[in-house]
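See below for the structure under consideration.
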Amino acid sequence: MDHDQYPDDYIRDILSSVKTIAMVGASANEVRPSFFVMKYLLAKGYKLIPVNPAQAGKEILAQLAYARLADIPEPIDMVDVFRASEAVPAIVDEVLTLNPLPSVIWTQLTVRNDEAARKAEAAGIRVVMNRCPKIEYARLCGEIGWSGVNSRVLSSKKPVLGKGFQSFGLNRSK
């Protein structure tokens with residue numbers, strides 16, 4: 001996989017298929033990027049499970065936090081990594097001990113480790129690096145264009161009101 005560019009269909013398929021996301025490095029501090037990414041993804045209907053040893057047993061955005069991925073008592077579809085690139089190999093090693101394996105490992109903006117990505121992909125896990133699922137979701141459904149950012153997605157379709165926000169959703173015609 002070329003981790004410099006991802007086809008929109010690849011990202012859309014991931015964001016459409018995952019339901020449960022473990023966020024490694026989730027923060028209870030509301031000014032941290034992980035906090036508002038978690039808040040956004042919760043609003044879009046994903047189940048988010050914060051992973052942060054300092055917050056284990058506490059709640060972040062009303063979601064119980066765990067110290068490690070292995071402590072989560074249910075299957076995970078995607079692991080979203082808010083940690084430095086150097087931490088990714090150990091996170092991938094931890095992911096590879098889970099049963100069942102998550103289908104996706106996603107690392108946030110500026111987080112990249114090609115060797116760890118190859119190891120995850122060899123185990124059948126899809127990888128996205130140096131991207132933000134919040135930004136990609138907003139871009140692919142057209143929401144990011146509402147703030148003047150070029151989403152590279154054009155549509156004449158009207159957004160629909162859902163749970164207090166407007167959205168095109170990810171599964172619309174391409």
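The values are calculated or read from the model by the stated rules, or taken from the named source; none is laboratory data. Just so we're clear, the structure is a prediction, and the values are computed from it rather than from any experiment. Here the Cβ is made from the backbone with ideal geometry for all residues, glycine too, and neighbour counts use every protein chain on show.
Output yes when any residue across the stretch 100-115 is assigned to a helix (DSSP H, G or I) and more than 19 Å from residue 34 (Cβ to Cβ), and no when none is.
At the first step, the residues of the stretch 100-115 found to be assigned to a helix (DSSP H, G or I) are 114-115.
When the remaining residues are screened for being more than 19 Å from residue 34 (Cβ to Cβ), the result is 114-115.
Yes - at least one qualifying residue is present in the stretch 100-115.
Say we look at the stretch 14-46 and pick out the residues that are of a type in the set (Ser, Thr, Tyr) and touching a Lys or Arg at 6+ places or on another chain (Cβ under 9 Å); which of these is nearest to residue 104 (Cα to Cα)? Lay out the reasoning, then the answer.
At the first step, the residues of the stretch 14-46 found to be of a type in the set (Ser, Thr, Tyr) are 16-17, 20, 27, 34, 40, 46.
Those still in the list that are touching a Lys or Arg at 6+ places or on another chain (Cβ under 9 Å) too: 20, 40, 46.
On the way: 20: 11, 40: 19, 46: 14 Å.
Here the answer is 20.
Within the set of pairs 6+ apart or on separate chains, which have a first residue in the stretch 82-100 that is more than 17 Å from residue 20 (Cβ to Cβ), a second that is surrounded by 23 or more Cβ atoms within 10 Å (Cβ to Cβ) and among the hydroxyl-bearing types (Ser, Thr, Tyr), and C-beta atoms under 7 Å apart?
Qualifying pairs under 7 Å: 88/107.
Return the only residue of 90, 120 being at negative phi, modelled with pLDDT of 95 or more, among the aliphatic types (A, V, I, L, M) and crowded, with 23+ Cβ neighbours inside 10 Å.
Details: 90 fails: crowded, with 23+ Cβ neighbours inside 10 Å.
Only one candidate qualifies: 120.
Based on this model, can you work out whether residue 103 counts as touching a strand residue (DSSP E or B) at 6+ places or on another chain (Cβ under 9 Å), under 21 Å from residue 7 (Cα atoms) and surrounded by fewer than 21 Cβ atoms within 10 Å (Cβ to Cβ)?
Values: touching a strand residue (DSSP E or B) at 6+ places or on another chain (Cβ under 9 Å): yes; under 21 Å from residue 7 (Cα atoms): yes; surrounded by fewer than 21 Cβ atoms within 10 Å (Cβ to Cβ): yes.
Answer is yes for this residue.
Kindly provide the set of residues from the stretch 11-44 that are loosely packed, with under 14 Cβ neighbours inside 10 Å and free of Cβ contacts under 8 Å to residues at least 60 places away in the same chain, ordered by number.
Correct list: 19, 29, 30, 31.
Select from the stretch 66-94 the residues that are part of a helix (DSSP H, G or I) and closer than 21 Å to residue 41 by Cα and list them in ascending order. Give the derivation first.
To start, the set of residues in the stretch 66-94 that are part of a helix (DSSP H, G or I) comprises 69-71, 85-94.
Once the filter is applied, which keeps residues that are part of a helix (DSSP H, G or I) and closer than 21 Å to residue 41 by Cα, the stretch 66-94 yields only 69.
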